[in-house]
Amino acid sequence: MSSGRVIYMNGEYVPESEAKISVYDSALMFGDMVFEMTRSFNKEQFRLREHLERLYAGIKVLQIPIQMTMDEMEKAVLQVIERNDPFFRADDEHRIMIDVTRGLLSIYEGIDGLRKGPNVVIADFPLRWTVSTMGHLFDSGINAVVPSQRAIPATLLDPKIKNRSRIHYLMANIEVSGYEGKDNWALLLDPDGFVAEGTGDNFFIIKNKTVITPEGRNILRGISRAYIFELCSQLGLSCIEKNIDLYDVYTADEAFMTGTPFCMLPVTALNGNKIGDGAPGFLFGKILGQWSSNVGLDI
């Protein structure tokens, strides 16, 4: 049964169930795709332009030859939302997924009937699909677990480009899913043993009222991560980048993760050891409260 939702696909709007790319696409062969995922607050997209700027930086570095401008992409996103909103609940927020692939591998371009050139796909689905199971974490927090899988350094595959070549994230999540207890999230170290990032989220600690996050070398420089610096400035808090090792996390007063769908979640333990008093911290709540106030919605 059709959901009624449509997807932007290379200049056309097609039913969600009919959006397809070729099995010979470079994205399927190599994970050769850049992407972005955004969310709304009160149906208004949050930091859409910043997401698009990061997307187009990845397109440039990976030399994907799309003709669509950033302004055209932004317009298409807003049109997708407008077309789909009638099929969303009144309290639903819009979760946008933009995929840009290189298209057919050159060895398959001679096959008759296959579309040539890059693919641009814009999907829109309810945010609750992503976050409906996360609500309790705002009260209980996450246990960050360090798996054997390391983050891939920028010298090998630059994580600042948001790409789909992410099997190392998957392997980390599979390993951590086997740990005892619940609410275990992977926290990756870089090859030098410093804390890098989660598998799709950025990491912060708070020590002596200073908010600290890993340097932006071997991580995805998240849009939510950048917003924390703005929130801290509004609150008069110091927010800095520096190398963090596990000792720093164990001895921190507070810790949290950031990511587009959930904004901020407290990290209350590392490998089962309590961080601070093992509960969401005061400054975490203050920063989250400022974010809620800014967007006019109780996150």
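Of all lysines in the structure, those lying under 27 Å Cα to Cα from residue 75, and not within fewer than 8 positions of it along the same chain, are 20, 43, 60, 116, 160, 162.
For the stretch 76-180, the square roots of the Cα gyration tensor eigenvalues, ordered a ≥ b ≥ c, give a/c of at least 1.5 with a/b no greater than b/c, which places it in the oblate category. In the chain, carbon and sulfur make up what percent of the accessible area (probe 1.4 Å)? For the chain, the apolar C and S fraction of the accessible surface comes to 53 percent. The value given for the chain is a Kirkwood hydrodynamic radius of 20.4 Å, derived from the mean inverse Cα-Cα separation. With Cα atoms as the point set, the radius of gyration and Dmax of the stretch 1-57 evaluate to 14.2, 39 Å. The base-10 log of I(q)/I(0) for the stretch 128-282, evaluated at q = 0.10, 0.16, 0.20 Å⁻¹, reads -0.31, -0.86, -1.42 [Debye formula, identical scatterers on Cα atoms, solvent excluded].
Each 5 Å bin, from zero up to the one with the longest distance, holds this percent of the alpha carbon pairs of the stretch 163-244: 3, 13, 22, 22, 18, 12, 7, 2, 0.
FRET efficiency for residue 83 and residue 10, Cβ-Cβ distance as r, R0 = 22 Å, nearest 0.05? Display every interim value, and only then the final one.
Numbers: r = 16 Å, r/R0 = 0.72.
The pair residue 83/residue 10 has a calculated efficiency of 0.90.
Please report the spacing between the Cα centers of the stretch 119-136 and the stretch 227-244 in Å, no decimals. Here the answer is 27 Å between Cα centres. Note that the stretch 202-299 carries a Kirkwood radius of 13.5 Å, evaluated over its alpha carbons pair by pair. One equal scatterer on each Cα of the stretch 190-238, no solvent, Debye formula: the resulting log10 I(q)/I(0) at q = 0.18, 0.21, 0.29, 0.30 Å⁻¹ is -0.58, -0.76, -1.18, -1.21. Among the GluC sites (Glu not before Pro) within the stretch 185-277, those in coil by DSSP and having at most 16 neighbouring Cβ atoms inside 10 Å are 215. Couplings for the stretch 73-80, taken from phi via the Karplus curve 6.51 cos²θ - 1.76 cosθ + 1.60 with θ = phi - 60°, read 5, 4, 4, 5, 4, 5, 5, 4 Hz in order; Gly and Pro are left as x. Where the alpha-carbon atoms of the stretch 1-150 are placed on the principal axes, they occupy 56, 45, 32 Å, in descending order.
The values are calculated or read from the model by the stated rules, or taken from the named source; none is laboratory data. Model, not experiment: these values are computed from the prediction. Please note: Cβ atoms are built from the backbone with ideal geometry, for glycine as well, and neighbour counts cover all protein chains shown. Side chains included, ligands, DNA and RNA excluded: accessible areas come from the protein's heavy atoms. Shrake-Rupley method; radii C 1.70, N 1.55, O 1.52, S 1.80 Å.
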